[in-house]
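The values are calculated or read from the model by the stated rules, or taken from the named source; none is laboratory data. This is a predicted model, so every value here is computed, not measured. Every residue, glycine as well, gets a Cβ built from its backbone with ideal geometry; the counts of neighbours run over all protein chains shown. Note: areas computed on protein heavy atoms with side chains; ligands, DNA, RNA excluded. Shrake-Rupley method; radii C 1.70, N 1.55, O 1.52, S 1.80 Å.
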Amino acid sequence: MKLMNQKELAERWCIAEATLERWRSIGAGPPYLKLVSQVRYRLSDVEAFEAAGLTTPGSRRWPSPASIRRPPRSGSCGRCFTC
């Protein structure tokens with residue numbers, strides 16, 4: 001079983017390691033193993049996640065901005081956190 005660390009996966013996908021950390025915190029991204037204090041990704045899970053993201057012409061790949069969960073605004077105007 002081939003395992004990848006966070007840095008290796010981030011390099012494979014050309015994304016920041018912080019993106020993988022954020023995905024783990026919200027339950028997105030590929031499955032991962034937590035071994036003591038180290039995060040590892042099985043290559044088979046990474047490849048399955050990649051295959052699930054394959055699209056055909058005309059299909060949508062990324063979620064719409066409206067479907068992404070955002071924290072509620074606390075400001076009285078409803079558009080910011082400060083007023």
Residue that is most open to solvent (accessible area, probe 1.4 Å), among those in segment 19-55 that are in a helix (DSSP H, G or I) and in contact (Cβ under 8 Å) with a residue 24 or more places away in the chain: Ile26
Hits in segment 1-18 - residues which are within 14 Å of Leu43 (Cβ to Cβ), open to solvent by 100 Å² or more (accessible area, probe 1.4 Å) and not in a helix (DSSP H, G or I): Met1, Lys2
